[in-house]
Amino acid sequence: MQRYFVTPDNMLEDKAIVRGDDAHHLMRVMRAAPGDKVIVSDGANRECLAEVVELYKENVLLKLLEERPMEGEPKLDVWIAQSLPKGDKLETVIQKGTEIGATAFLPFASARTIVQYDAKKEAKRLDRWRKIAKEAAEQAHRSKVPDVRDAMRWSDVLSAAERAQLALLCYEKESGRQLKDALREAKLDPARGPVLVIVGPEGGFTEEEAAEAERRGCVAVSLGRRILRTETAGLVAAACILYESGEMGG
């Protein structure tokens, strides 16, 4: 059954209004008609089975039929902090990371980050990232849309790491600590906060950045003997974390 997210102010006690691109999708792509059923969520606290009541030019009115449990979310929060990669690789990370179950994305610039974005493009870029997360969440039947932050500094990532229950630095020079060992030693508990996965740019982290991260409590880990691309590493780590916590059929 098709799923749509609406803002909380468009989801009232007994009705919801689908607007914008989602309304267009519902009317033009799905060819919805009165009486058709969909799932609608405010992305925060409520998810309902709903019925199409009326289709207008730019929005669709739904009648809320029954509340549904929000079962599309992992119990453990996994955040992916990704150093800004070239091209549209971050879009891939957000899309696939959302499908896997990541709950937040923290783009950042580090010493070897090549990409330099024009400040004028900030809002447009962030809007696109968030749209990708929303569409991927709908496709994956998530109950919430992951939080996509605006690009931040390396120091901001380290501050986030200090607040996480476990911060993992994916470091290609780390040959001692394996990811699975770090996860099992940490004895992860959803009540203790998120697990943060930190991934460097195409050129990797500098030795100074790796040392600083470890001083701030990050655990440097290896993802195996093969070197993964920057857009692959965070997805692999997130999947491993959610598998170990029983969220991937493990």
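The values are calculated or read from the model by the stated rules, or taken from the named source; none is laboratory data. Being a predicted model, the structure only gives us computed values, none of them experimental. Don't worry about glycine lacking a Cβ; one is built from the backbone with ideal geometry, like all the others, and counts go over all protein chains shown. The area values use the complete protein model at the heavy-atom level, side chains included, leaving out ligands, DNA and RNA. Shrake-Rupley method; radii C 1.70, N 1.55, O 1.52, S 1.80 Å.
Annotation for the stretch 148-161: no member residue is in contact (Cβ under 8 Å) with a residue 60 or more places away in the chain, open to solvent by 70 Å² or more (accessible area, probe 1.4 Å) and either assigned to a loop (DSSP other than H, G, I, E, B) or within 17 Å of residue 20 (Cβ to Cβ) (or both).
Only a single item in (1) open to solvent by 10 Å² or more (accessible area, probe 1.4 Å); (2) in a loop (DSSP other than H, G, I, E, B) is not met by residue 76, and it is number (1). None of 103, 92, 98, 113 is among the hydroxyl-bearing types (Ser, Thr, Tyr) and either open to solvent by 50 Å² or more (accessible area, probe 1.4 Å) or free of Cβ contacts under 8 Å to residues at least 12 places away in the same chain (or both) except 92. Take the residues in the stretch 36-47 that are open to solvent by 30 Å² or more (accessible area, probe 1.4 Å) and out of contact with any Lys or Arg (no Cβ under 7 Å at 6 or more places or on another chain), then tell me which one is farthest from residue 144 (Cα to Cα). That would be 36. Inspect the stretch 36-52 for any residue being among the polar types (S, T, N, Q), touching a Leu at 6+ places or on another chain (Cβ under 7 Å) and under 30 Å from residue 166 (Cα atoms) and give the result as yes or no. Checked the stretch 36-52: no residue is among the polar types (S, T, N, Q), touching a Leu at 6+ places or on another chain (Cβ under 7 Å) and under 30 Å from residue 166 (Cα atoms). Looking at this structure, is residue 178 more than 17 Å from residue 108 (Cα to Cα) and under 19 Å from the mean Cα position of the chain (by Cα)? Spelling it out, it is not the case that residue 178 is more than 17 Å from residue 108 (Cα to Cα) and under 19 Å from the mean Cα position of the chain (by Cα).
Contact map, the stretch 233-250: residues that are free of Cβ contacts under 8 Å to residues at least 12 places away in the same chain paired with residues that are surrounded by fewer than 19 Cβ atoms within 10 Å (Cβ to Cβ) and outside any helix (DSSP H, G or I), Cβ distance under 7 Å, separation 6+ or inter-chain. Pairs shown: 243/250. Only a single item in (1) at pLDDT below 95; (2) assigned to a helix (DSSP H, G or I); (3) under 18 Å from residue 106 (Cα atoms) is not met by residue 243, and it is number (3). Counting only residues that are in a loop (DSSP other than H, G, I, E, B) and open to solvent by less than 30 Å² (accessible area, probe 1.4 Å), the stretch 79-89 holds 2 of them. Listed here are the strands (runs of 3 or more DSSP E) enclosed by the stretch 162-230 that have at least 3 residues being open to solvent by 50 Å² or more (accessible area, probe 1.4 Å), of a type in the set (Val, Ile, Thr) and under 18 Å from residue 93 (Cα atoms), and there are none. Residues that are free of Cβ contacts under 8 Å to residues at least 40 places away in the same chain, in a helix (DSSP H, G or I) and closer than 17 Å to residue 230 by Cβ do occur in the stretch 121-134.
The residues listed here are 50, 23, 33; of these, the one that is open to solvent by less than 60 Å² (accessible area, probe 1.4 Å), farther than 18 Å from residue 7 by Cα and either not in a strand (DSSP E or B) or not hydroxyl-bearing (Ser, Thr, Tyr) (or both) is 33.
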